[in-house]
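First up is the structure itself, then whatever we jot down about it.
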Amino acid sequence: MTEKYYLGIDIGTYETKGVLVNIKGEVIAQSAKKHEMIVPQSGWAEHRPNEDWWGDFTFVSNELINKSGCNPKDIKAVSASTIGPCMLPVDKDGEPLMNAVLYGVDTRAYKEIDYLNNNIGEEKIFEFNGNALTSQQVGPKILWLKNNRPEIFNKTFKIVNGTAFINSKLTGNYTTDHFSAAFVSPFYDINKQDWSNELINDLIDLEQLPKLVWTDEVIGEVSAKASKETGLAEGTIVSSGTIDAAAEALSVGVTGSGDMMMMYGSTMFFISITDSILSDSRLWYAPWLFKGEHSLMGGLATSGTLTHWFKNNFAKDLQGDDIFIKLAKEAEQSPPGAKGIIFLPYFSGERTPIHDTHAKGSFFGLDLTHNRSDMYRSIFEGIAYGTKHVFDTFKELNYVPSKLYSVGGGTKNKIWSQTTSDIIGLNQILRKTTLGASYGDAFLAAHACGDLKKDDINNWNAVDYEIEAKTNDQDIYSKGYKNFRKLYESTKDLMKEMDD
């Protein structure tokens, strides 16, 4: 019998990654392609859809097929995930009308957020959608489009996120999963689990939004045109796909209530699975990937992005492909507490739990004894303090994860991951395969076509080791966390004044 394969591709903030696996979850081939996040001005963040999304997808897909040497007809199904939630208007031919506006790191629609909150009511929006209206939500960015780019708005046929764009290119069908749809407030009703214009009926026609599906559904087949561009066989099954963080959570075994994923990426993202709707205006709620399940989430606006920023601006003397390793070794020379430096990681505002688009980043407490190693260490501690702030918010809702699974590039950075465990006071479980969302995508492809059950991910990806939380420096970090919280509270009005 001919072996069948499953292809998963994830499009991230700075890189697209793909993987081809067999029914046992064994990796047959991997591929990656880098791209840039475009920052045209402060508070904006964009991608080029045809180049960074579809261009990367076709490159990675072809390379996976070529590297593996497999017959494209033996690839039974494909699934994609992308950064989310994003906002992209397309015309009737499915062509982008502008660059894609990215997720919560793009804070351009802060005026529209205020407008919608004032005209609809914050409490009403929260009850309807289960989320406060923030830069993470797509609705304000659609209103921004209407207000600031009316010529594009008037040409818009559909408004899609990254995954919906890829799926439309593959199949010609416009779909999005319920997990992704929950971030299109105020157009998604969490109780009816459907699109609705009940709160705002004069902005867009609901037909301009993709069809809603569950993540384990088949949404079409690879078209003849897409086959030529991707190298996939015409008729290959395409499953719904989802936002990258959700695919990544599934890839490390987040399948049941009490499971939580902590993703170290360009941003930090946290997903916990719950038995019922559990929402709080400081966090995010969404239906989980599978019907009848729910999720509660949090996320920082910047994390790994800050290490890139630091490298580009303060490590120009370092050469080679191992600059981050060299910087991490330097950071290890700085003691816990970074000699008193408090770092606020709010370089693109902040998402949960403060939802402050005006928040600013800072190094506080510098003196002439500090050096680059202290500053770099303080970045990891500042991100970890922001992470603790999110976890404390979960705790206030009586949610403490029974199992915390960590994934992402940051897990390979020992000082970052260990510092995080020490500050939040929780162990982190790491799986043997840490390929991320693309691996979860491949599993979703196999699951959607009925070849696997969702719990089979544990057979695919066994536990490798745990990072144990240490208590040696608890007093230092406790004081640092208090100062971290105080520093933001005492400067947030000034931050807003600077924007005004």
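Only the coordinates and a few stated rules stand behind these numbers; no lab work does. This one's a predicted model, so the numbers in the text were calculated from it and none came from an experiment. Neighbour counts are summed over all protein chains in view; Cβ atoms, including those assigned to glycine, are modelled from backbone coordinates with ideal geometry.
A protection proxy built from the mean count of other Cβ atoms within 10 Å ranks the segments 165-178, 323-336, 384-397, 6-19, most packed first, as 6-19, 165-178, 384-397, 323-336.
For the chain, what log10 I(q)/I(0) values come out of the Debye formula at q = 0.07, 0.09, 0.10 1/Å, with one point per alpha carbon and no solvent? The calculated log intensity ratios at q = 0.07, 0.09, 0.10 Å⁻¹ are -0.35, -0.59, -0.73. On a C-alpha basis, how far is the centre of segment 5-41 from the centre of segment 357-381 in Å? Whole number, if you could? When both Cα centres are located, 33 Å separates them.
Kindly identify segment 424-497 as rounded, prolate or oblate by the Cα gyration tensor criterion: order the square roots of the eigenvalues as a ≥ b ≥ c, call it rounded if a/c is under 1.5, otherwise compare a/b with b/c, prolate if a/b is larger, else oblate. Judged from the Cα gyration tensor, segment 424-497 comes out oblate (a/c at least 1.5, b/c at or above a/b). Across all directions, the shadow cast by the convex hull of segment 5-245 built on its C-alpha atoms averages 12.3 square nanometres. Distance from the Cα centre of segment 420-452 to that of segment 193-254, in angstrom? Between the Cα centres of segment 420-452 and segment 193-254 lies a distance of 20 Å.
The listed peptides 398-408, 81-91, ordered by packing as a protection proxy, come out as 81-91, 398-408 (highest mean of other Cβ atoms within 10 Å first). With semi-axes defined as the square roots of five times the eigenvalues of the C-alpha gyration tensor, the equivalent ellipsoid of segment 338-450 measures 31, 18, 15 Å, largest first. From most to least packed by mean Cβ count within 10 Å, the peptides 492-500, 101-109 give 101-109, 492-500. Using the Karplus relation 6.51 cos²θ - 1.76 cosθ + 1.60 with θ = phi - 60°, the per-residue 3J(HN,Hα) values for segment 154-159 come to 6, 8, 5, 8, 9, 10 Hz, with x marking Gly and Pro. Any idea what the relative contact order of the chain is, in percent, if you count C-alpha pairs under 8 Å spaced at least 6 apart? After rounding, I find 16 percent. The rule of thumb for compact globular proteins, 2.2 N^0.38 Å, goes into the C-alpha radius of gyration of segment 249-378 1.29 times. Computed 3J(HN,Hα) for segment 184-189, one whole-Hz value per residue from the Karplus formula 6.51 cos²θ - 1.76 cosθ + 1.60 where θ = phi - 60°, is 9, 5, x, 9, 10, 8, glycine and proline marked x.
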